[in-house]
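The structure appears right after this line, and notes come after that.
The values are calculated or read from the model by the stated rules, or taken from the named source; none is laboratory data. Just so it is clear, the model here is predicted, and its values are computed rather than measured. Cβ placement follows ideal geometry from the backbone for every residue including glycine, while neighbour counts extend to all protein chains displayed. To get the accessible areas, we keep the full protein, side chains included, count just its heavy atoms, and leave off ligands, DNA and RNA. Shrake-Rupley method; radii C 1.70, N 1.55, O 1.52, S 1.80 Å.
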Amino acid sequence: MSPTSTGPLRHFLQLRDFSRAELQYIFKRARLIKDKFKRYQPHHTLHDRTLAMVFEKASTRTRVSFEAGMYQLGGSVIHLTTTDSQLGRSEPIEDTARVVSRMVDLVMIRTFEQTRLERFASHSRVPVINGLTNEYHPCQILADIFTWIEHRGSIQGRTVAWIGDANNMAYTWLQAAELLDFVVHVSGPPGYQLDPDRVRDLDPAHFKVFDSPDDACRGADLVTTDVWTSMGYEAENDERRRAFADWCVDMDMMDHAAPNALFMHCLPAHRGEEVTADVIDGPQSVVWDEAENRLHVQKALMEFLILGPQDTPAA
Ligand code: CP
Ligand code: NVA
């Protein structure tokens, strides 16, 4: 089955499902889409198309950006959650995929294990997008890198400091570094560091592990962090609070980074835990641009998956 006008069925289950050239296309297209949005110019390239969104975890940004984005592209959206669908009553995810994908043009899922997303995708007739799993959050990294490009230009050759949990965001940054040729400095407390099994197939030239978060930040062009407890790990909350106490991004840590370093956080944030208020609300922070850019990059992504690359400016 070939749902795009130009090629075979494509999914976006992790960042490295796309090549460097395809990521660069998405950033370029997002620029055009954002510029048109800011000028109130219609961009209805997905007229009559339908997106199904399946949420098995909570969301604010992902839901609003995909839903608003699809409507702005001229399409429509169906929102499902575990509790209001048969997924919550043990219908196999494969059967849900078979049924939903006969009725819509595109599916976005936020779920737990990456394997659950992969099971859905392998039974889907239409493209499937990862809206966050325990392992990866590729849509967020599209927005983060687009935000970097808007503020500073190419990310090639730059250094990103990842401070905190080796979570879905961290592993997606590592994939981005290899694809787009930059380096990630990673620092987290013992017990919450990168899993050797998961980095075995990554090029060690693109990441470096530090015991001290200050050392990880030294000279970094971008400092970024995330919650100490990701969704699905709430039972570990107290233990994590204790373990991560020295991995709070504060002004002292930012002072180890390059003088004009940016700060990013995918949000939601907990001021006083993973980041201090003066950093996230300070002049180096671009977190609101990051959040807004989810809308623009995902519109480019949805277009790409349904229509293939668009060479000419669309109506
Ligand atoms: N950053 C992000 O994915 O936010 P939500 O959990 O609100 O969707
Ligand atoms: N790492 C966080 C990101 C939330 C957008 C989580 O998985 O909960």
Within the range 159-183, track down each residue that is of a type outside the set (S, T, N, Q), closer than 19 Å to Val275 by Cβ and under 16 Å from the mean Cα position of the chain (by Cα). Val160, Trp162, Asp165, Ala166, Met169, Ala170, Trp173
Condition first: away from ligand 2 (no atom under 16 Å from the Cβ) and crowded, with 17+ Cβ neighbours inside 10 Å. Now tell me which residues in the range 219-234 satisfy that. Ala220, Asp221, Leu222, Val223
Have a look at Ala245, Ala235 and point out the one that is away from ligand 1 (no atom under 14 Å from the Cβ), outside any helix (DSSP H, G or I), over 20 Å from Val160 (Cα atoms) and aliphatic (A, V, I, L, M). Ala245
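Out of the residues in the range 26-65 that are outside any loop (DSSP other than H, G, I, E, B) and among the basic types (Lys, Arg), which is farthest from ligand 2 (Cβ to nearest atom)?
Here is the first cut: in the range 26-65, the residues outside any loop (DSSP other than H, G, I, E, B) are 26-38, 50-55, 61-65.
Adding the requirement that they be among the basic types (Lys, Arg) leaves 28-29, 31, 34, 36, 38, 61, 63.
On the way: Lys28: 26, Arg29: 24, Arg31: 24, Lys34: 21, Lys36: 27, Lys38: 25, Arg61: 7, Arg63: 11 Å.
Among those residues, the one meeting the criterion is Lys36.
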Please state which of the following conditions Gly88 fails to meet, knowing it meets all the rest: (1) open to solvent by 30 Å² or more (accessible area, probe 1.4 Å); (2) in contact (Cβ under 8 Å) with a residue 40 or more places away in the chain. (2)
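Pick from Phe182, Phe112: which is on the phi < 0 side of the Ramachandran plot, open to solvent by 40 Å² or more (accessible area, probe 1.4 Å), hydrophobic (A, V, I, L, M, F, W, C) and touching a Gly at 6+ places or on another chain (Cβ under 7 Å)? Talk me through it step by step, then tell me what you get.
Working: Phe182 fails: open to solvent by 40 Å² or more (accessible area, probe 1.4 Å).
Unique residue meeting the criteria: Phe112.
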So which of Asp48, Asp17 is away from ligand 1 (no atom under 16 Å from the Cβ), in contact with a helix residue (DSSP H, G or I) (Cβ under 9 Å, 6 or more places away or on another chain) and within 23 Å of Pro309 (Cβ to Cβ)? Asp17
